[in-house]
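Quick notes on the structure that follows.
What follows is calculated from the coordinates using simple rules that are stated; it is not laboratory data. Note that this is a predicted model, so its numbers are computed, not measured. Please note: Cβ atoms are built from the backbone with ideal geometry, for glycine as well, and neighbour counts cover all protein chains shown.
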Amino acid sequence: MTSHRLRDVWAGNLQREFLAFQNTLRLAGKGAFVAIDTEFSGVLQEDAWKKSSDLHYLAMRESVDVFRPLQLGLAIGSQQGQSLVAWNFNLRFDLQEDLYTDSAVQFLSGAGLDFQRHATEGIDCGLLRALLGGSELFAQSSWLTFAGSYDLGYLLRLLSPSPLPAALENFEALLDARCAARVELRDALPFGSLASLAEDHGVLRRGCAHTAGSDALLTLDLFFRMKAPAGEVDVNDASEFKRKGDCTTNSTPSAPTGPARSSWGKAARLEMYSSAFVPSSLWGVAARSVADARL
């Protein structure tokens, strides 16, 4: 998977790749965009996203405290809208010792994760914690996520061995201290998977779906495509793209059309008709269908 845009990192090349990571942060400069994605070994409540914010947080907290992350994906872009490089940090994980759900292992194995290699060549979480904590990552960066509550929860756990706060407001305060500027793309694109929305908007994938580095880079490229006036940004270098069939994918089906606007993300509810943040041509297919039906 390693290329000049998508870097695969294990224990053996961690020091060299983290130096390149820091250099890229400096190149991006103040106001750099950092997209984050994680892959982890299980979820205790699959349907927690349907519940209230407080209950969703408690379910996320419980899962993050029980299960370990396998990959941390970080993609860096400049304030000028240039997508630079993404790193896929592969963490130590041993099926013989660590907790997991069968469904998560089957899903991630289908996406191409090598669990034997994670057990023998994975990065020690304590070492990655020290490197991240001593880096410039948290100085004036804007953080991008796609349905990213678990990703941010795992990021905070990687930065500190302490459990996440018991209350949602304390978790948000901790996030504000570490990652003050945050953009959640799911708010603006409430329906469809990351893969389907990227396809709708003409953004092609590098690497394999459901691997953290590839998903982080796709999130960053989708964000820049949404921000740019039509025709001004080319985030695609076709020589590096994985074509259909190169990787196993398990895209989540788009939500059915016709839900009430109360189920949309907050930003989508505020901006759907004004188009101040996202032009209507860049809404997800289901969101466009809902808007058309109501206008």
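Before moving on, here are some points about what is shown:
- Pair residue 120, residue 160: separation of 7 Å Cα→Cβ label points (nm): 3.7 nm
- Calculated FRET value between residue 102 and residue 65, using beta carbons and R₀ = 25 Å, to 0.05: 0.80
- Secondary structure note: in segment 6-254, about 55% of the DSSP beta bridges are antiparallel.
- Only Cα pairs under 8 Å and 6+ residues apart enter the sum, and on that basis the relative contact order of segment 6-254 stands at 27 percent.
- The GluC sites (Glu not before Pro) of segment 56-162 that DSSP puts in a loop, and whose beta carbon has at most 16 other beta carbons within 10 Å, are 97, 136.
- Ranked 154, 100, criterion: other C-beta atoms within 10 Å, fewest first: 100, 154
- Once you reduce segment 78-96 and segment 182-200 to the center of their Cα atoms, the two points are 19 Å from each other.
- FRET efficiency estimate (nearest 0.05) - Cβ-Cβ, residue 227 to residue 26, R0 22 angstrom: 0.45
- Available extension along the chain between residue 129 and residue 172 is 13.5 nm, counting 0.36 nm per residue and deducting the alpha carbon span.
- For the pair residue 182 and residue 95, the difference between a 0.36 nm per residue extended length and the Cα-Cα distance amounts to 28.0 nm.
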